[in-house]
1. Which percent of the accessible area of the range 126-245 is formed by carbon and sulfur heavy atoms (probe 1.4 angstrom)?
2. Starting from the residue with the highest accessible area, list PHE129, PHE59, PHE301, PHE322 in decreasing order, probe 1.4 Å.
3. Using the crude model of +1 on Lys and Arg Cβ and -1 on Asp and Glu Cβ, and no other charge, please compute the dipole size for the chain relative to its Cα centre, in debye to 20.
4. So if I place +1 on the C-beta of Lys and Arg and -1 on the C-beta of Asp and Glu, and nothing else carries charge, what would the dipole magnitude of the range 169-250 be about its Cα centre? I want it in debye, nearest 20.
5. Taking amide H positions as placed in the peptide plane 1.01 Å from N, state which residues far from SER357 in sequence (5 or more) or on other chains have amide H under 5 Å from it.
6. Between GLU29 and ASP477, what is the label-to-label distance in nm when each label sits 7 Å out along the Cα-to-Cβ direction?
7. Using label points projected 7 Å from each Cα along Cα→Cβ, tell me how many nm separate LEU395 and ILE60, to one decimal.
8. With a 1.4 Å probe and every protein chain kept in, tell me what percent of the accessible surface of the range 425-481 is carbon plus sulfur.
Amino acid sequence: MTIRESTVEAAADLASSIRKFAAESRTLEPDAAERRHLLSRVNEFAEDFLAGVDSRPAFIETEHKGRGLYASPIVETGMDLDAVLRLFKDNVTDVGLSPVSPRFLAYIPPCSLYQGALGDFLAAITNQFAGYFSSCPGAARMENQLLRWMADLIGYPPGALGAMLSGGSLAILSSVVTARDAHGLKGRDYETCVVYMTNLTHHAMDKALRIAGMKEAIRRRVGMDGGFRMDPRQLDQAIRADLAAGLRPWMVAASAGTTDLGCVDPLDALADVAARHALWFHVDGAYGGLFILSDLVRDKFKGIERADSVVLNAHKALFTPFGLAVVLVRDGQLLQRAHFHTANYLQDTLLEEDEVSPADLGPELTRNFRGPRLWLPLKLLGVAPFRAALSEKILLTRYAYEKIKALPRFEVGPYPDLSVFAFRYVPEQGDADEFNRRLVDAIRRDGTILLSSTTLDGRYMIRFAVLSYRTHLDTIDLAIDVIRKTIATLK
Ligand SMILES: *Cc1c(COP(=O)(O)O)cnc(C)c1O
């Protein structure tokens, strides 16, 4: 046999093996009829799910806690779609929290716009590489347009830039590293630099500092006014004391809507203090910042345009599916300087860069194309329904506050700035903390509605939080009813 013959034979062998593997992997490429079948079954599942969503319990307690998934291990051969959807329903959707339920009044209530889910579908089907303008200019432009829209909402100048990240925690991390680099902080400075926050600052700030390698940074807990807002006078005093002690005041971390109570810090007055001492002024608007869309509360955000960095979560107050928050930086160059990187294998630039690229403004390279989950809803619906929904949430919260305040033996926290307030029931006898803990627990086990709690000035308080676009007046009345009835059963 000549060498040439053996090569031909080897190639024939190879081709036959290739065809065998191609046939075995053929199911990875469903044809049009198969796709129609899959999508129609998934759509039926979605419709069944959504048909019951308005009366869906906010919490479903089960013994198994989704363990059925383990009874169906990942093996060599596939399963029928109906059986898979059943596994999904029994072990995932019908277990634990129901974040889409209008009766979810705990934490920061999430929900997920149908149009946003379709945006995710389009993004996943087309799978555009959304890291660089040079690879998918349209994806970069879409995200930059949405970021510009949000920058305009808060009154940022044209030089502002932002990044779309998976959530508030990541957006806060990007704010921290941007602020660190902007102030030229090096490892040796970490033990003497000071961050000013309050006891109600979200823990994502502490976490970001730690992940950024700055866990030694001094956290100064500034005192609050009677409405649980950072007090600018006490901030100024704390900065002066730290300067006098030879420390390095670095960042003011203010909140535009705390998670505990929805309080908005006096941003304009805090911006004055930060500017006076040349500190980085960060505003965490993850929960509350987008309430700037509502005329009812817009004036509370005065001063946000002076922040050096702002975090806003679209998956909270813009109702998108989970996985979309933005960091905006007033001087966009600083965001880019903190995140830009390149490498030899990235040297082929396919198109001229006439827009900034997401990969240069955040920690990710290959990234989820998040834009469509917000772009599609905004394009289809316009901004107006979002404004109306947020105004409705504010008024529902005020309504609930007044109703609960008027009930005998109920105590309420401060009047809501946005859509959260705290309350507790004061029993005739026994420990109030203990009683309210039992109350929250009994409400969770009942599952009709869900409330969560916090500790304010050392007292156990129940939070009432409204943010789902599906929550309306009937839900609030139902919730108050559940609270009263549950109290009666506990007495
Ligand atoms: C929710 C929230 C965060 C964290 O955002 P994630 O998207 O959950 O990471 C940060 N700050 C505030 C005020 C929040 O309410």
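The values are calculated or read from the model by the stated rules, or taken from the named source; none is laboratory data. As the structure is a prediction and not an experimental result, all values here were calculated from the model. Heads up, the Cβs are rebuilt from the backbone with ideal geometry, glycines too, and the neighbour counts pull from every protein chain shown. Surface accessibility is based on the protein's heavy atoms, side chains included, excluding ligands, DNA and RNA. Shrake-Rupley method; radii C 1.70, N 1.55, O 1.52, S 1.80 Å.
1. Values: 2560 of 5050 Å².
About 51 percent, which is the carbon plus sulfur part of the accessible surface.
2. Details: PHE129 75, PHE59 40, PHE301 5, PHE322 130 Å².
So, going from the largest accessible area down, we get PHE322, PHE129, PHE59, PHE301.
3. Values: 57 positive and 61 negative charges, 236 e Å.
With only Lys, Arg, Asp and Glu charged at Cβ, the dipole is about 1140 debye.
4. On the way: 13 positive and 9 negative charges, 26 e Å.
For the range 169-250, the charge dipole is close to 120 debye.
5. Amide H neighbours of SER357, under 5 Å, 5+ apart: PHE133.
6. 5.9
7. The modelled label-to-label distance comes out at 3.4 nm.
8. On the way: 1020 of 2410 Å².
The nonpolar share, carbon plus sulfur, comes to 42 percent.
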